[in-house]
Amino acid sequence: MKNKLSKLLAGALAGVLLFGVVGCNTNNVNNEPHDVPMTIAADFTQKEKKGNWVTYGDCKIKTQDGKAVVTDRKTSNAGVAIPCPDYRGNTINATASVSGANDSVTITLTYEVFGNISYVNIASAPTTEASESEISGNIEIPANAENALVYIEASDVRDYTVSSYSLSIVGDLNNLTGEPVEQLADPTATASLSAAYADYFKFGVASPATVMTNKNDGFRQMILTQFNSVTPENELKPENVLDRDTTLGNVSKYNESPALKFDAAKPILDFCKKNDIQMRGHTLIWYSQTPSWLFYENYDVNGQLASRDLMLKRMENYIAGVMEWCEKNYPGVIYAWDVVNEAAADDGGMRDCYWKQTIGDDYVERAFEFARKHAPAGVQLFYNDYNEYQDSKQADILAMLKPIAEAGNIDGMGMQSHISSGLNVDNYVASMKKYADELGVVIHITELDVTAPKSVNPMYDQGVYMKKFFEAIVAADKDGVPIECVTVWGLTDDMSWKSSSKPLLFYGNLTPKPAYEGVMCALSGAEVAKPADYVEPKSDLSPFFEDYENKEYVGGPRYSSVQKIVGDAYEGEYCLENSEGYAEYDGYSIDVTQYAGHVIHVSFAIKSKADQCCCTADIDGTWPHICEVQTGTDEWVLAEGDFEVEEGTTMLTIYIESSDMSPYYLDNLKIEAVN
Ligand code: XIL
C-alpha cells in the first residue's frame, strides 16, 4: 500500500513538473530530452492542466471534493482526459474510479501517428451511481505516436464522476523525449497484394477518412498500390450518418425518417470515386455505434421506446436514405453493404439490443427486406459478424439467416475474422464453406486482423501463420468456395483498433511486416525469411514464475479475454483476473515454446465461480488438458500437472480456461522444465 501511495505522490509531483516544463503543448516529440514521470495522476483539487487533467470533447467538468464531475456531455466520448505525449514507446497502465448512471464506462487511448488519429479502448467496466467502479488496463503506445492522451468515455451521454484517475509506466521507462519519429517508407516500393491475388479475390483495407485528408500522401499511395477495395472504418456507421441536431431540431418533421449527413464519409467516397476503387459500405443496422435516441418516441431518451411500427419506418427510411444518397452522389462506388452487423449473441441466440427490443426478433429479416427493396441493382447485401467460425455461433447465425436466404434477400456472408494465430485454419475454412453451401451466398473476409502470438519471435511467427492462413483460403477458393474479397482491418499496426496486438500487415511507418511476406509467400511457396534478430525458440530453460506483486505479467489474452491485476490475492497483495471472454476457451495465455524437448511442470493457485478450471496446451485440433481442477466454491485451490513440449516445437502457448464464462483469479503461476 505504501508503495502505491508514494508512487502516486511521485506521479503527482512529476506530473506538475511535466506540465510546468512543457506547458500544455502536447506535441513535444521534437522537444529537448527531458525527465518523464513514472506516473501521472489527475489531481481533482486543482484546475484543468494544473491538476494534470484536461477536458476532452464537448462537456463540462467541475471539481468538487477532490473529484471531477462531468456533465453536459454532448457525445458519449466526452469526458476527463490525461495527456501523456511523453509516454510514447511505453506500455502504460490506466486506472480510474468512476461512478455514474451510465451502463458502462471505457478508458480509451487516442494518439496521432503520421497524421492519422487512432482510438484504442483500454478497459471497460459497468458503472452505477451508488458505488465506484475501478477500471484498469494496460496498453502499449506506439513509439511514433504523437499527442497521446487517455480519456474516459461512457456508453451514453449521462453524467459521471471520477474520484481518481492515473496513468503509470509498466516496467522500465523508455524515454523517447527528444527522439524524432521515424520516416515514412515509400509504399510504392512494395509489391501489390491486390495484383498478386487478382486471380482469386479482391484485396481490401479499412481506412479512416483521416487518410484522405492527411498531409502525408504515403497512406493514400499505400491504398492505391496495395488494395482494390476500401471499407470506411467508422464513417458510414449510424453514429456518423445520423444527423442528431437536425433531427432533434424538428422532431415532428423527422419522426419517421431521421435526418442524415455524410460529411464524415465524403472524403473516402471522393477518394474511391476519383481513383476508381470499389467500396464496401459498413454498416447499416448494428447494436453498436448507433445513438440511443434513434429508438425513442420523439427521439427523447427520457421517454418511452418507440413502437415496432415506428421503428420499422425509421429503419426502412434510414436504409433507403443511405443507399439512395450514396448511389445518387457516388454511382457504382459501393458494391456491397453490410446490412446487419453482429446480431448474434456471444452466449447463444440473438443479441439483446434496441433493434430487437423495439421491432422484435424479426428485425434482421426486415432489415434485409428493406435493403433488397432499396439497393441499386447489383449491389450485394451482407450479414457480418465476429467469432463467426465458432461452431455454436455459426449454428445461431445460420438459423437466423436461412429464412432471409430463402427469401433471396442476402448475397453474402461477411466473416469479420478478428483472430489470433492460435486459430485452427482447417476449422475456419470448413466454417466458411458451410456458410457458402448452406446459405448459397458468396464470402467476404471483411475485417481480418491476427493478434501476434506472445512468442519470442512474434512478428516472424505471425508471418508463418499468415502464410498458412492464406494458403488455406486460396486452396478453398480454387476448390470452389466463392471467396470474393479479403479485407484487412486497417493499414498499419499503429492505426489498428487493436494496435497492442500488432495484428496487421504493415508497420506504422508503412514498411511491410513478416505478416505481409507470409501473405505473399502463400502464393509463391517461398518461406517467410527469419529476421536478423530471430531468436532460437528453445534457448531458455529458466523457470517461469508470476505472483503479480509488481503488477506485471508477460502472457496475454487468448481471443477476446481481458486480463487485469486486482487485489484479494492467494498470497501477497495482487493476483491476475481473467474476464470478458466470449467463450470458455478465452483465457490467459503464455508462450512455452522455449521448453521444446522437455517436460514442463505447471502449477498455480486459482479461484472461480465456474465449476472447473483447466490449463490447456494450444495445439490445433486436440487442445490437451495439462491439469483440471474443481473450482466453483469461490475459494482458492491449487492445480498442477505435467506436459511434454515436443522436440522441434516452434510455437506453443498454454492457456487457462474456466468451464463457463465467469471470471477467474490466478496467482503464483509457475512453469519449470523437469527433465
Ligand atoms: C471498430 C473500429 O475499428 C474502431 O475505430 C471503432 O472505435 C470501433 O469499431 N467489428 C466491426 C467494426 O464491425 O466496425 C469494428 O470497428 C470492429 C469490430
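Note: relative contact order over the stretch 335-387, using C-alpha pairs below 8 Å and six or more positions apart, is 60 percent.
Using R₀ = 35 Å, calculate the FRET efficiency as 1/(1 + (r/R₀)^6) where r is the Cβ-Cβ separation of ASP352 and VAL554; round to 0.05. Using R0 = 35 Å, I get an efficiency of 0.45.
Averaging Cα coordinates gives a centre for the stretch 142-171 and one for the stretch 46-95; these two points are 7 Å apart. Coupling constants for the stretch 384-395 follow from the phi torsions by the Karplus curve (6.51 cos²θ - 1.76 cosθ + 1.60, θ = phi - 60°), and in residue order they are 9, 7, 10, 6, 5, 8, 6, 3, 6, 5, 4, 4 Hz; glycine and proline get x.
With coordinates expressed along the principal axes, the C-alpha atoms belonging to the stretch 431-569 extend over 54, 39, 30 Å, beginning with the largest. DSSP assigns beta bridges within the chain; of those with both partners inside it, close to 75 percent run antiparallel. Beta-bridge orientation, the stretch 98-204: approximately 100 percent antiparallel, per DSSP, counting only bridges with both partners inside.
Collect residues whose amide H, placed 1.01 Å from N in the peptide plane, falls under 5 Å from the amide H of VAL442; neighbours closer than 5 in sequence don't count. Sorted by chain and number, the residues that satisfy this are GLY412, MET413. Projecting the Cα atoms of ALA195, VAL241, THR210 onto the charge dipole of the stretch 190-250 (Cβ charges, centred on the Cα centre) puts ALA195 farthest toward the positive pole.
Taking 20 Å as the limit for the C-alpha separation, the pairs LYS215/LYS274; LYS607/LYS670; LYS74/LYS266; LYS215/LYS266; LYS454/LYS513 exceed it in the case of LYS74/LYS266.
Cα centroid separation, the stretch 318-338 to the stretch 613-675: 50 Å.
To the nearest 20 Debye, how big is the dipole of the chain about its Cα centre, given +1 on the beta carbon of each Lys and Arg and -1 on that of each Asp and Glu? Walk me through the numbers before you get to the answer.
Values: 52 positive and 98 negative charges, 482 e Å.
Around 2320 debye, computed over the chain.
In a simple Cβ point-charge model (Lys, Arg +1; Asp, Glu -1; nothing else charged), the stretch 362-423 has a dipole of about 160 debye relative to its Cα centre. With contacts taken as Cα pairs under 8 Å at a separation of at least 6 residues, the chain carries a relative contact order of 9 percent.
The value of relative contact order for the stretch 266-419, using C-alpha pairs under 8 Å at least six residues apart, is 25 percent. Residues in the stretch 516-530 carry Karplus couplings, in order, of 4, 4, x, 5, 6, 5, 4, 8, 7, x, 5, 8, 5, 5, 6 Hz; the curve used is 6.51 cos²θ - 1.76 cosθ + 1.60 with θ = phi - 60°, and Gly or Pro positions show x.
Applying 1/(1 + (r/R0)^6) with R0 = 25 Å to the Cβ-Cβ distance of ALA191 and VAL535 gives a FRET efficiency near 0.35. With semi-axes defined as the square roots of five times the eigenvalues of the C-alpha gyration tensor, the equivalent ellipsoid of the chain measures 37, 33, 27 Å, largest first. Taking a ≥ b ≥ c as the square roots of the eigenvalues of the alpha-carbon gyration tensor, the stretch 418-460 is classed prolate because a/c is 1.5 or more and a/b outweighs b/c. Just rank SER561, SER136, fewest to most, by other beta-carbon atoms within 10 angstrom. Fewest-to-most ranking of SER561, SER136: SER136, SER561.
Dipole magnitude for the stretch 283-373: about 300 debye, using +1 per Lys or Arg Cβ and -1 per Asp or Glu Cβ, origin at the Cα centre. Residues SER133, SER207 in ascending order of nearby Cβ atoms (within 10 Å, fewest first): SER133, SER207.
A simple packing score, the average count of other Cβ atoms within 10 Å per residue, orders the peptides 45-55, 416-426 as 416-426, 45-55, with the highest score first.
Taking the highest mean first, how do the peptides 625-633, 596-604 order by number of other beta carbon atoms within 10 angstrom per residue? Walk me through the numbers before you get to the answer.
Details: 625-633: 16.4, 596-604: 19.1.
Highest mean packing first, the order is 596-604, 625-633.
Computed 3J(HN,Hα) for the stretch 449-456, one whole-Hz value per residue from the Karplus formula 6.51 cos²θ - 1.76 cosθ + 1.60 where θ = phi - 60°, is 8, 10, 3, 5, x, 8, 10, 6, glycine and proline marked x. By the beta-carbon count within 10 Å of each Cβ, the least crowded to most crowded order of MET38, MET415, fewest first, is MET38, MET415.
Every number here is computed from the coordinates shown, using simple stated rules; none is lab data. Because the structure is predicted, anything quoted here is derived from the model rather than measured. Quick reminder, even Gly has a Cβ in these numbers, built from the backbone with ideal geometry, and neighbours come from all protein chains shown.
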